[in-house]
1. Quick one: would you say residue 465 is at pLDDT 95 or above, within 22 Å of the chain's Cα centre (by Cα) and closer than 23 Å to residue 171 by Cβ?
2. Can you find, within segment 36-77, the residue that is surrounded by the most Cβ atoms within 10 Å (Cβ to Cβ) among those that are on the phi > 0 side of the Ramachandran plot and either of a type in the set (Val, Ile, Thr) or more than 25 Å from the chain's Cα centre (by Cα) (or both)?
3. Could you tell me how many of the residues in segment 530-544 are free of Cβ contacts under 8 Å to residues at least 60 places away in the same chain and in a loop (DSSP other than H, G, I, E, B)?
4. Which count do you get for residues in segment 353-369 that are under 14 Å from residue 43 (Cβ atoms), in a loop (DSSP other than H, G, I, E, B) and charged (D, E, K, R)?
5. With the condition kept exactly as written, say whether any residue in segment 401-413 is charged (D, E, K, R), farther than 30 Å from residue 35 by Cβ and either touching a Cys at 6+ places or on another chain (Cβ under 6 Å) or crowded, with 18+ Cβ neighbours inside 10 Å (or both).
6. Tell me yes or no: at least one residue of segment 78-97 is closer than 20 Å to residue 356 by Cβ and part of a helix (DSSP H, G or I).
7. So is residue 550 over 21 Å from residue 143 (Cβ atoms), surrounded by fewer than 20 Cβ atoms within 10 Å (Cβ to Cβ), within 33 Å of the chain's Cα centre (by Cα) and outside the structural domain of residue 407 (by TED's automatic domain parsing) or not?
8. Right, residue 362: of a type outside the set (A, V, I, L, M), in contact (Cβ under 8 Å) with a residue 40 or more places away in the chain and more than 21 Å from residue 176 (Cβ to Cβ) or not?
Amino acid sequence: MTITPISRLLLAAFLWFTTTAVSAENLHTEIKKLLQQEDLVGATWSLLPGDGSVSVSAAGFSNAESREPMTRGHRVLVGSIAKVVLSTGVLRLVSEDRLSLETPIKTLLPELPLDNPWNQKHPIRVQHLLTHTAGLENIRLWQAFSLEADSDTPLRETVTRYPSQLRIHTRPGEQYLYSNLGYTLLGMVIEAVTGGRYEQYLDKNLLKPLSMHNSSFRFASQTGPDTDRHLAMGHFEKGQTQSATPLYLRPAGQFITTASDMAVFAHFLMSDGSIRGQTFIRPELLQAIGWPEGTAAERAGLAVGHGLSLAVRDRHGTVGLCHPGTTIGFRAMLCLYPEEKKAFFIAHNADSENADYERFNSVLIRHLKLDPTATIPQTTPATPASEWSGIYTLKPNGIAMFSWVDTLFNFVRIHPQGARLQLTPFQSETQLLAPVGGNLYRAQARNIPSHVFFRDSAGRRTMSNGLRTYKQIATPVLVLLWLSLGFGLAGILYICLTGILRLISGNLDHKNPLLVPLPACLALALPIPFFFNQSFLQLGDITVASLLLAVFTATLPVALLAGLTIQYRQRRYSGWGTPDTVAMLLTLQWTAVLVAEGMVPLRLWG
């Protein structure tokens, strides 16, 4: 029997289709099993295996209460992956010569009270906002957790309500500092250039040309007047449902889409930037979407970081360009592997602190059959490992208000182990860093350099992993901060216990120095039940709980000073060495530190 060329072609097509179908079915089974193991509700995903085909599927439920199955037609919220799409819209404006990456933001938004100490030589430019190198802080609590936001709240009102948030913490272009606020400014940039709302412009001039017909930047929810019946319900632990609410910083995280549309988007990002033969986004801009440029870490040799849209991600034996997304009730991940023209997207309609979402990414990477990335071997470091020994803290942190908290609880200790460095975070597992050339180091389970050590412009020892920068802090300073905290808490405990005992025994009269500090210390616990009785989404709103917290934290140092005054007026000079006085002074010194750090009074809405 003779096999004709057409028969061979049909046979090859049949075998390809059968193999693809079996692979897709196996993937569906694995994802479904993982959802059960991680106690998650549902997921939808898409794969671009590099052969021109697209695989889209879904598993689990779109709503845990109704038990409606999740389908590939369901829309999902993707959180910060919205930034990737929005940045593409900005690149479209650049490709049309309506904007430049070098355009200073002040020329576009002259009304913004930006506090940039480096403005004369280093103004904030469009590129800095895209790459998170503008030096802006990330977000304020009231911008992240609020039920008062409206889908029509003007962006300018959001970013100028508290001008202090527009302070620039690092020289623009020098250091990566993830900023939702920065991408909100990009939404304002689009509006300044186009003369209309950014949502309408992007829906019409970006999503429509890309044929992303099931995606939108408009606000949609599962309930209320903006109901979208195709939008999957969001969930937290144990299947607790949560519908979407408007965001103050909506350009940074408000976007609905489908797995199919995200496959179309991923395919475009790995293309030459043309649509139907016409340049839509210039190729050189697309080539820069995932690679860092110009930061101090990049100049020191680290090629890991954030480009115009995506960040380099070294996981599971492969290096890709990725961006995660988290929003109320959802988590998502988008990863591209441009050299192989492969990509994956996955969205979960559950935001669970207990689930290991990385297991899903691992499975999808395995099914893409990516070429493994060669592991950079260990070499002799240019600078002895002992040179970098010490304690490092995150500088600056994403929320300026909590800088003191990050210093105490998010520091890392660097200790040499031969040619290697042992990196020990205060709250997570120790890592070993192997030298791989110059002052570059590679963490375990990574294939390419993951950390770099260098001295900043002030000569301070600095460590960066491309997305976080740590500065060395003198050990005595950290010890003093911890002692301040410990003594302060001990002082409050003494005041509460001793004061209560005196109250019970009838010895807490107007001459007793603890008469005023006692109720002030006890009052610090009063807001707690009010916080439990409100939604966590109101954490940044002005509520009874947050007002009480602000008032009582502001009252504490005043009460302590009143207690010390009573002690002095009693002329009990020997009393200045008594436990009462010591306790009040210890507590007062801690509150003084918190006042200096901007945490007293503690205003969650500020």
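1. Against the criterion (at pLDDT 95 or above, within 22 Å of the chain's Cα centre (by Cα) and closer than 23 Å to residue 171 by Cβ), residue 465 qualifies.
2. Looking at the filtered set, the residue picked out is 60.
3. Total satisfying the criteria: 3.
4. 1
5. no
6. Within segment 78-97, one or more residues are closer than 20 Å to residue 356 by Cβ and part of a helix (DSSP H, G or I).
7. no
8. Judged against the criteria, residue 362 is a match.
The values are calculated or read from the model by the stated rules, or taken from the named source; none is laboratory data. Quick caveat, the model's predicted, so the values are computed rather than measured. Cβ coordinates were reconstructed from backbone atoms using ideal geometry, including for glycine residues, and neighbour counts include every protein chain displayed.
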